[in-house]
Amino acid sequence: MDPIERMLDAVLADVRPDHSGAVADYIPALAAAEPERLAFAVVGPRGRVTSVGDDEVEFTIQSVSKPFVLAHALERLGRDEVFRHVGVEPSGEPFNAISLELGTGRPANPMVNAGAIATSALAASGSLEERSRTLTDALSRFAGRSLSVDEEVYRGESETGHRNRALAHLLRSHAMIDGDVTTAVEAYFRQCSVRVTVVDLAVMAGTLAFGGRNPLTGERVVREDVARDVVSVMASCGMYDYSGEWLLRVGMPAKSGVSGDLLAIAPSQFGIATFSPRLDRHGNSVRGIRILERLAGEFGMHAFEPHEAIAAPGIRVEHTAEGTLVHLGGELAFSGAERVIGVLRDLAAGKATGDGVILVDARELGRAHPAALEVLRTELADATGAVRLLA
Ligand code: DON
(Lines give C-alpha, C1' and ligand atoms only; values in the text may rest on other atoms or scores of the structure.)
Protein backbone atom coordinates (compact mmCIF):
# COMPACT_ATOMS: atom_id res chain seq x y z
CA MET A 1 0.00 0.00 0.00
CA ASP A 2 1.17 3.53 -0.82
CA PRO A 3 2.71 5.14 2.32
CA ILE A 4 0.46 8.22 2.19
CA GLU A 5 -2.62 6.03 1.69
CA ARG A 6 -1.50 3.88 4.62
CA MET A 7 -1.30 6.94 6.89
CA LEU A 8 -4.69 8.24 5.81
CA ASP A 9 -6.14 4.78 6.35
CA ALA A 10 -4.74 4.66 9.89
CA VAL A 11 -6.41 8.00 10.68
CA LEU A 12 -9.74 6.66 9.34
CA ALA A 13 -9.45 3.50 11.43
CA ASP A 14 -8.90 5.67 14.48
CA VAL A 15 -12.02 7.82 14.10
CA ARG A 16 -14.32 5.08 12.73
CA PRO A 17 -15.56 3.90 16.18
CA ASP A 18 -16.87 7.40 16.99
CA HIS A 19 -20.64 7.19 16.56
CA SER A 20 -21.54 10.47 18.21
CA GLY A 21 -23.62 13.17 16.54
CA ALA A 22 -26.64 12.81 14.26
CA VAL A 23 -27.30 13.04 10.53
CA ALA A 24 -29.21 16.10 9.26
CA ASP A 25 -32.90 15.24 9.08
CA TYR A 26 -34.63 18.38 7.79
CA ILE A 27 -35.26 16.70 4.42
CA PRO A 28 -35.88 12.98 3.79
CA ALA A 29 -32.99 12.60 1.32
CA LEU A 30 -30.46 13.75 3.94
CA ALA A 31 -32.14 11.84 6.79
CA ALA A 32 -31.72 8.67 4.69
CA ALA A 33 -27.91 9.10 4.51
CA GLU A 34 -25.96 6.03 5.65
CA PRO A 35 -24.43 7.33 8.93
CA GLU A 36 -21.47 4.92 8.81
CA ARG A 37 -20.08 6.36 5.60
CA LEU A 38 -16.55 7.61 6.02
CA ALA A 39 -14.13 8.97 3.41
CA PHE A 40 -10.99 11.06 3.32
CA ALA A 41 -8.98 12.48 0.41
CA VAL A 42 -5.99 14.76 -0.10
CA VAL A 43 -4.58 16.34 -3.25
CA GLY A 44 -0.99 17.52 -3.45
CA PRO A 45 0.54 20.34 -5.51
CA ARG A 46 1.21 18.13 -8.53
CA GLY A 47 -2.34 16.82 -8.61
CA ARG A 48 -1.62 13.52 -6.91
CA VAL A 49 -4.86 12.31 -5.31
CA THR A 50 -4.84 9.96 -2.34
CA SER A 51 -8.21 8.80 -1.07
CA VAL A 52 -9.43 6.18 1.39
CA GLY A 53 -12.77 4.83 2.66
CA ASP A 54 -16.02 5.50 0.76
CA ASP A 55 -14.27 7.67 -1.80
CA GLU A 56 -16.68 6.86 -4.65
CA VAL A 57 -19.88 7.66 -2.78
CA GLU A 58 -21.69 10.79 -3.97
CA PHE A 59 -23.40 13.22 -1.61
CA THR A 60 -24.66 16.76 -1.98
CA ILE A 61 -22.15 19.54 -1.50
CA GLN A 62 -24.44 21.77 0.63
CA SER A 63 -22.67 24.67 2.36
CA VAL A 64 -19.27 23.59 1.08
CA SER A 65 -20.40 25.20 -2.20
CA LYS A 66 -20.34 28.63 -0.55
CA PRO A 67 -16.62 29.50 -0.82
CA PHE A 68 -16.52 28.46 -4.48
CA VAL A 69 -19.55 30.52 -5.38
CA LEU A 70 -17.93 33.42 -3.52
CA ALA A 71 -14.83 32.89 -5.68
CA HIS A 72 -16.94 33.00 -8.82
CA ALA A 73 -18.67 36.19 -7.67
CA LEU A 74 -15.32 37.84 -6.87
CA GLU A 75 -13.87 36.83 -10.22
CA ARG A 76 -16.96 38.16 -11.98
CA LEU A 77 -17.57 41.42 -10.11
CA GLY A 78 -14.46 42.23 -8.08
CA ARG A 79 -13.91 42.77 -4.39
CA ASP A 80 -15.67 46.12 -3.89
CA GLU A 81 -18.94 45.14 -5.53
CA VAL A 82 -19.13 41.77 -3.75
CA PHE A 83 -18.25 43.05 -0.29
CA ARG A 84 -20.72 45.91 -0.63
CA HIS A 85 -23.42 43.21 -0.53
CA VAL A 86 -21.88 40.85 2.01
CA GLY A 87 -19.44 41.40 4.90
CA VAL A 88 -16.39 39.44 6.02
CA GLU A 89 -16.87 39.38 9.80
CA PRO A 90 -17.51 36.14 11.68
CA SER A 91 -21.07 36.22 12.96
CA GLY A 92 -20.53 33.97 15.98
CA GLU A 93 -23.97 32.65 15.14
CA PRO A 94 -25.39 29.43 13.67
CA PHE A 95 -25.41 29.02 9.88
CA ASN A 96 -29.08 29.90 9.43
CA ALA A 97 -29.20 32.92 11.77
CA ILE A 98 -30.54 36.29 10.67
CA SER A 99 -27.01 37.72 10.62
CA LEU A 100 -27.70 41.09 9.02
CA GLU A 101 -25.87 44.33 9.86
CA LEU A 102 -28.03 46.78 11.72
CA GLY A 103 -29.18 49.59 9.45
CA THR A 104 -27.75 48.34 6.14
CA GLY A 105 -29.08 44.77 6.19
CA ARG A 106 -25.75 43.57 4.84
CA PRO A 107 -25.25 39.89 5.81
CA ALA A 108 -22.30 39.17 8.13
CA ASN A 109 -20.28 36.98 5.76
CA PRO A 110 -20.64 34.71 2.71
CA MET A 111 -20.45 31.49 4.74
CA VAL A 112 -23.69 31.84 6.72
CA ASN A 113 -26.88 31.25 4.74
CA ALA A 114 -27.93 34.91 4.53
CA GLY A 115 -24.57 35.89 3.06
CA ALA A 116 -24.43 32.82 0.84
CA ILE A 117 -27.81 33.63 -0.72
CA ALA A 118 -26.64 37.19 -1.42
CA THR A 119 -23.36 35.88 -2.86
CA SER A 120 -25.12 33.33 -5.04
CA ALA A 121 -27.34 36.12 -6.42
CA LEU A 122 -24.19 38.08 -7.32
CA ALA A 123 -22.42 35.09 -8.88
CA ALA A 124 -25.15 34.23 -11.40
CA SER A 125 -27.92 36.04 -13.25
CA GLY A 126 -30.82 35.29 -15.58
CA SER A 127 -33.44 32.56 -15.28
CA LEU A 128 -33.26 29.81 -12.68
CA GLU A 129 -31.98 27.43 -15.35
CA GLU A 130 -29.25 29.87 -16.43
CA ARG A 131 -28.21 30.59 -12.85
CA SER A 132 -28.10 26.93 -11.95
CA ARG A 133 -25.99 26.18 -15.02
CA THR A 134 -23.57 29.03 -14.19
CA LEU A 135 -23.19 27.88 -10.58
CA THR A 136 -22.86 24.18 -11.45
CA ASP A 137 -20.29 25.01 -14.15
CA ALA A 138 -18.30 27.14 -11.70
CA LEU A 139 -18.24 24.31 -9.15
CA SER A 140 -17.32 21.85 -11.92
CA ARG A 141 -14.23 23.84 -12.91
CA PHE A 142 -13.00 23.71 -9.33
CA ALA A 143 -13.60 19.94 -9.26
CA GLY A 144 -12.10 19.34 -12.70
CA ARG A 145 -15.09 17.33 -13.91
CA SER A 146 -18.69 17.93 -14.90
CA LEU A 147 -20.97 17.94 -11.83
CA SER A 148 -24.78 17.79 -11.71
CA VAL A 149 -27.69 18.61 -9.41
CA ASP A 150 -29.39 15.93 -7.29
CA GLU A 151 -33.01 16.73 -8.18
CA GLU A 152 -34.47 14.84 -5.20
CA VAL A 153 -32.37 16.78 -2.70
CA TYR A 154 -33.17 20.02 -4.52
CA ARG A 155 -36.93 19.32 -4.24
CA GLY A 156 -36.50 18.65 -0.52
CA GLU A 157 -34.52 21.87 -0.02
CA SER A 158 -37.12 23.84 -1.94
CA GLU A 159 -40.09 22.31 -0.12
CA THR A 160 -38.65 22.97 3.34
CA GLY A 161 -36.54 26.09 2.81
CA HIS A 162 -38.90 28.62 4.37
CA ARG A 163 -36.27 30.14 6.61
CA ASN A 164 -33.92 30.66 3.65
CA ARG A 165 -36.81 32.22 1.72
CA ALA A 166 -37.46 34.56 4.64
CA LEU A 167 -33.76 35.49 4.71
CA ALA A 168 -33.84 36.14 0.96
CA HIS A 169 -36.87 38.45 1.32
CA LEU A 170 -35.09 40.35 4.11
CA LEU A 171 -32.05 40.70 1.84
CA ARG A 172 -34.29 41.95 -0.97
CA SER A 173 -35.93 44.49 1.35
CA HIS A 174 -32.46 45.93 2.07
CA ALA A 175 -31.48 45.81 -1.64
CA MET A 176 -28.73 43.30 -0.83
CA ILE A 177 -30.13 41.18 -3.66
CA ASP A 178 -31.77 42.46 -6.83
CA GLY A 179 -34.54 41.01 -8.93
CA ASP A 180 -36.75 38.07 -8.29
CA VAL A 181 -36.29 36.60 -4.79
CA THR A 182 -37.69 33.20 -5.71
CA THR A 183 -35.22 32.74 -8.56
CA ALA A 184 -32.31 33.73 -6.31
CA VAL A 185 -33.23 31.41 -3.48
CA GLU A 186 -34.06 28.46 -5.76
CA ALA A 187 -30.68 28.90 -7.48
CA TYR A 188 -29.07 28.75 -4.03
CA PHE A 189 -30.96 25.52 -3.25
CA ARG A 190 -29.75 24.01 -6.53
CA GLN A 191 -26.19 25.12 -5.75
CA CYS A 192 -26.38 23.25 -2.41
CA SER A 193 -27.77 20.15 -4.19
CA VAL A 194 -24.81 19.56 -6.51
CA ARG A 195 -23.47 16.02 -6.16
CA VAL A 196 -19.79 15.44 -5.39
CA THR A 197 -17.43 12.79 -4.02
CA VAL A 198 -14.77 13.33 -1.40
CA VAL A 199 -12.17 13.35 -4.20
CA ASP A 200 -14.03 16.15 -6.01
CA LEU A 201 -13.97 18.18 -2.81
CA ALA A 202 -10.27 17.56 -2.22
CA VAL A 203 -9.53 18.79 -5.77
CA MET A 204 -11.74 21.84 -5.16
CA ALA A 205 -9.88 22.53 -1.91
CA GLY A 206 -6.61 22.03 -3.77
CA THR A 207 -7.59 24.63 -6.35
CA LEU A 208 -7.82 27.18 -3.53
CA ALA A 209 -4.74 25.80 -1.73
CA PHE A 210 -2.64 26.28 -4.88
CA GLY A 211 -3.68 29.84 -5.63
CA GLY A 212 -6.67 29.26 -7.93
CA ARG A 213 -5.15 26.69 -10.30
CA ASN A 214 -6.79 23.26 -10.42
CA PRO A 215 -4.00 20.80 -9.49
CA LEU A 216 -5.62 18.02 -11.55
CA THR A 217 -6.40 19.77 -14.82
CA GLY A 218 -3.86 22.61 -14.57
CA GLU A 219 -6.65 25.08 -15.45
CA ARG A 220 -6.50 28.50 -13.83
CA VAL A 221 -9.99 28.65 -12.34
CA VAL A 222 -9.74 31.96 -10.49
CA ARG A 223 -7.06 34.61 -10.02
CA GLU A 224 -4.58 34.19 -7.20
CA ASP A 225 -5.89 37.23 -5.31
CA VAL A 226 -9.44 35.82 -5.50
CA ALA A 227 -8.30 32.47 -4.09
CA ARG A 228 -6.51 34.27 -1.25
CA ASP A 229 -9.61 36.33 -0.41
CA VAL A 230 -11.79 33.23 -0.29
CA VAL A 231 -9.33 31.28 1.86
CA SER A 232 -9.17 34.25 4.26
CA VAL A 233 -12.96 34.34 4.65
CA MET A 234 -12.98 30.58 5.22
CA ALA A 235 -10.37 30.98 7.96
CA SER A 236 -12.49 33.43 9.94
CA CYS A 237 -16.04 32.28 9.13
CA GLY A 238 -16.02 28.79 7.56
CA MET A 239 -16.99 26.82 10.65
CA TYR A 240 -19.81 29.13 11.83
CA ASP A 241 -19.91 29.62 15.60
CA TYR A 242 -17.04 27.11 15.97
CA SER A 243 -14.67 29.15 13.76
CA GLY A 244 -12.51 30.59 16.56
CA GLU A 245 -11.94 27.28 18.30
CA TRP A 246 -11.34 25.62 14.93
CA LEU A 247 -8.61 28.11 14.04
CA LEU A 248 -6.99 27.49 17.41
CA ARG A 249 -7.14 23.70 17.29
CA VAL A 250 -6.79 22.97 13.57
CA GLY A 251 -5.52 26.19 12.01
CA MET A 252 -6.70 25.45 8.49
CA PRO A 253 -9.21 27.50 6.51
CA ALA A 254 -12.20 25.17 6.17
CA LYS A 255 -15.85 24.80 5.24
CA SER A 256 -18.43 22.30 6.41
CA GLY A 257 -21.81 21.22 5.05
CA VAL A 258 -24.90 19.51 6.50
CA SER A 259 -24.42 16.38 4.39
CA GLY A 260 -21.36 15.72 6.58
CA ASP A 261 -18.76 17.00 4.16
CA LEU A 262 -15.79 19.03 5.33
CA LEU A 263 -13.10 20.66 3.27
CA ALA A 264 -9.86 22.22 4.48
CA ILE A 265 -6.91 23.98 2.99
CA ALA A 266 -3.25 23.64 3.87
CA PRO A 267 -1.95 26.50 1.69
CA SER A 268 0.63 25.33 -0.91
CA GLN A 269 0.59 21.83 0.62
CA PHE A 270 -2.73 20.03 0.30
CA GLY A 271 -6.39 20.27 -0.54
CA ILE A 272 -8.18 18.09 2.01
CA ALA A 273 -11.73 16.72 2.22
CA THR A 274 -13.62 14.34 4.47
CA PHE A 275 -17.11 12.88 4.44
CA SER A 276 -18.95 11.43 7.43
CA PRO A 277 -22.65 12.31 7.85
CA ARG A 278 -23.06 12.57 11.63
CA LEU A 279 -22.97 16.20 12.75
CA ASP A 280 -22.29 17.96 16.03
CA ARG A 281 -24.48 20.73 17.45
CA HIS A 282 -22.78 23.35 15.22
CA GLY A 283 -23.69 21.36 12.09
CA ASN A 284 -20.10 20.19 11.50
CA SER A 285 -19.12 16.56 10.81
CA VAL A 286 -17.95 14.92 14.07
CA ARG A 287 -15.49 12.47 12.52
CA GLY A 288 -14.41 15.05 9.91
CA ILE A 289 -13.34 17.38 12.69
CA ARG A 290 -11.43 14.59 14.40
CA ILE A 291 -9.58 13.74 11.19
CA LEU A 292 -8.56 17.36 10.65
CA GLU A 293 -7.45 17.69 14.27
CA ARG A 294 -5.12 14.74 13.67
CA LEU A 295 -3.71 16.34 10.52
CA ALA A 296 -3.03 19.58 12.35
CA GLY A 297 -1.43 17.88 15.35
CA GLU A 298 0.62 15.11 13.77
CA PHE A 299 1.13 16.13 10.15
CA GLY A 300 2.29 19.71 10.78
CA MET A 301 -0.49 21.39 8.82
CA HIS A 302 -1.60 24.09 11.25
CA ALA A 303 -1.25 27.31 9.25
CA PHE A 304 0.57 29.06 12.08
CA GLU A 305 3.27 26.42 12.49
CA PRO A 306 6.64 28.03 11.77
CA HIS A 307 7.90 27.11 8.30
CA GLU A 308 11.61 27.36 7.60
CA ALA A 309 11.39 27.09 3.81
CA ILE A 310 9.84 30.51 3.21
CA ALA A 311 12.91 32.24 4.68
CA ALA A 312 15.37 29.83 3.03
CA PRO A 313 15.53 30.08 -0.76
CA GLY A 314 17.78 27.63 -2.59
CA ILE A 315 21.23 29.23 -2.98
CA ARG A 316 23.99 27.47 -4.94
CA VAL A 317 27.33 29.22 -5.48
CA GLU A 318 29.44 28.26 -8.50
CA HIS A 319 32.93 29.66 -9.15
CA THR A 320 33.78 29.95 -12.87
CA ALA A 321 36.63 31.47 -14.87
CA GLU A 322 34.48 34.56 -15.56
CA GLY A 323 33.45 35.12 -12.00
CA THR A 324 31.04 33.79 -9.39
CA LEU A 325 27.55 32.55 -10.23
CA VAL A 326 24.93 32.56 -7.49
CA HIS A 327 21.97 30.38 -8.54
CA LEU A 328 18.70 31.03 -6.74
CA GLY A 329 15.98 28.37 -6.65
CA GLY A 330 12.65 27.60 -4.99
CA GLU A 331 10.73 30.53 -3.54
CA LEU A 332 12.24 33.92 -2.85
CA ALA A 333 10.19 35.68 -0.18
CA PHE A 334 10.92 39.01 1.48
CA SER A 335 12.46 37.19 4.44
CA GLY A 336 14.56 35.00 2.13
CA ALA A 337 16.03 38.02 0.34
CA GLU A 338 17.87 38.86 3.55
CA ARG A 339 19.66 35.52 3.39
CA VAL A 340 20.66 36.09 -0.24
CA ILE A 341 22.07 39.52 0.63
CA GLY A 342 24.12 37.94 3.44
CA VAL A 343 25.65 35.44 0.99
CA LEU A 344 26.41 38.17 -1.57
CA ARG A 345 28.10 40.39 1.01
CA ASP A 346 30.22 37.48 2.26
CA LEU A 347 31.26 36.69 -1.31
CA ALA A 348 32.05 40.35 -2.08
CA ALA A 349 34.08 40.69 1.12
CA GLY A 350 36.15 37.59 0.32
CA LYS A 351 36.83 38.63 -3.26
CA ALA A 352 40.07 40.39 -4.29
CA THR A 353 39.53 43.55 -6.37
CA GLY A 354 39.35 42.87 -10.11
CA ASP A 355 38.28 39.24 -9.66
CA GLY A 356 35.41 39.22 -12.18
CA VAL A 357 31.80 39.83 -11.38
CA ILE A 358 29.26 38.10 -9.19
CA LEU A 359 26.23 37.09 -11.25
CA VAL A 360 23.00 36.39 -9.38
CA ASP A 361 20.84 34.07 -11.48
CA ALA A 362 17.20 34.45 -10.42
CA ARG A 363 15.77 32.84 -13.57
CA GLU A 364 15.23 29.45 -11.98
CA LEU A 365 13.16 30.77 -9.08
CA GLY A 366 9.79 28.99 -8.84
CA ARG A 367 8.26 32.05 -7.28
CA ALA A 368 9.64 35.47 -6.40
CA HIS A 369 7.79 38.06 -4.36
CA PRO A 370 8.10 41.53 -5.91
CA ALA A 371 9.29 42.99 -2.60
CA ALA A 372 12.10 40.42 -2.43
CA LEU A 373 13.27 41.23 -5.95
CA GLU A 374 13.16 44.92 -5.08
CA VAL A 375 15.44 44.25 -2.09
CA LEU A 376 17.88 42.41 -4.35
CA ARG A 377 17.82 45.11 -7.04
CA THR A 378 18.50 47.83 -4.47
CA GLU A 379 21.36 45.83 -2.95
CA LEU A 380 22.87 45.22 -6.37
CA ALA A 381 22.48 48.86 -7.43
CA ASP A 382 24.52 49.81 -4.35
CA ALA A 383 27.18 47.23 -5.28
CA THR A 384 28.43 49.50 -8.12
CA GLY A 385 28.27 46.98 -10.95
CA ALA A 386 30.43 44.29 -9.33
CA VAL A 387 27.29 42.23 -8.74
CA ARG A 388 24.68 41.72 -11.47
CA LEU A 389 21.22 40.20 -11.49
CA LEU A 390 19.83 37.87 -14.15
CA ALA A 391 16.07 37.95 -13.60
O1 DON B 1 -29.22 26.33 3.41
C2 DON B 1 -29.44 25.21 3.85
O3 DON B 1 -30.23 25.05 4.73
C4 DON B 1 -28.71 23.99 3.34
N5 DON B 1 -29.14 23.65 2.06
C6 DON B 1 -27.23 24.13 3.41
C7 DON B 1 -26.79 24.48 4.76
C8 DON B 1 -25.53 23.87 5.21
O9 DON B 1 -24.93 22.97 4.63
C10 DON B 1 -25.10 24.36 6.53
N11 DON B 1 -23.92 23.74 6.94
N12 DON B 1 -23.55 23.24 7.90
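The values are calculated or read from the model by the stated rules, or taken from the named source; none is laboratory data. Everything numeric here is computed off the predicted structure, so don't read it as measured data. Cβ placement follows ideal geometry from the backbone for every residue including glycine, while neighbour counts extend to all protein chains displayed. Note: accessible area is taken over every heavy atom of the protein model, side chains too, but ligands, DNA and RNA are not part of it. Shrake-Rupley method; radii C 1.70, N 1.55, O 1.52, S 1.80 Å.
Values for this structure:
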item: Portion, in percent, of the accessible area of the range 1-151 that falls on carbon or sulfur, probe 1.4 Å; result: 50 percent
item: Per residue Cα convex hull volume in Å³ - calculated over the range 75-155; result: 126 Å³
item: Surface share of carbon and sulfur [accessible, 1.4 angstrom probe, percent] for the range 285-391; result: 54 percent
item: Rounded if a/c under 1.5, otherwise prolate or oblate - the chain, Cα gyration tensor axes; result: prolate
item: Signed unit charges on C-beta, dipole axis of the range 3-299, positive-most listed residue A121, H282, S193; result: A121
item: Probe 1.4 Å, all protein chains present, accessible-area order of H319, H19, largest first; result: H319, H19
item: Most mobile of E34, E129, E338 in a GNM of the chain (Cα contacts under 10 Å); result: E338
item: Peptide ranges 200-210, 51-61, 151-161 listed from the most packed, as the mean C-beta count within 10 angstrom indicates; result: 200-210, 51-61, 151-161
item: Rounded accessible area of L262 (nearest 10 Å², 1.4 Å probe); result: 0 Å²
item: Within the chain, percent of DSSP bridges classed antiparallel, to nearest 5; result: 75 percent
item: Fraction of beta bridges assigned by DSSP in the range 309-390 that are antiparallel (%, nearest 5); result: 35 percent
item: Sorted peptide list for 276-285, 116-125, 308-317, criterion being average Cβ within 10 angstrom, highest first; result: 116-125, 276-285, 308-317
item: Formal net charge of residues neighbouring G218 (Cβ-Cβ distance under 13 Å; K, R +1; D, E -1); result: +3
item: Environment charge of G300, counting only residues whose C-beta is closer than 14 Å and scoring Lys/Arg +1, Asp/Glu -1; result: -3
item: Spatial separation of Cα centroids for the range 104-164 and the range 14-32, in angstrom; result: 23 Å
item: Surrounding net charge for M234, when Lys and Arg each add one and Asp and Glu each subtract one, Cβ distance under 13 Å; result: +2
item: Area of S127 that stays accessible when all protein chains are in place (1.4 Å probe, Å², to 10); result: 50 Å²
item: Accessible area of the chain divided out per residue, in Å², using a probe of 1.4 angstrom; result: 43 Å²
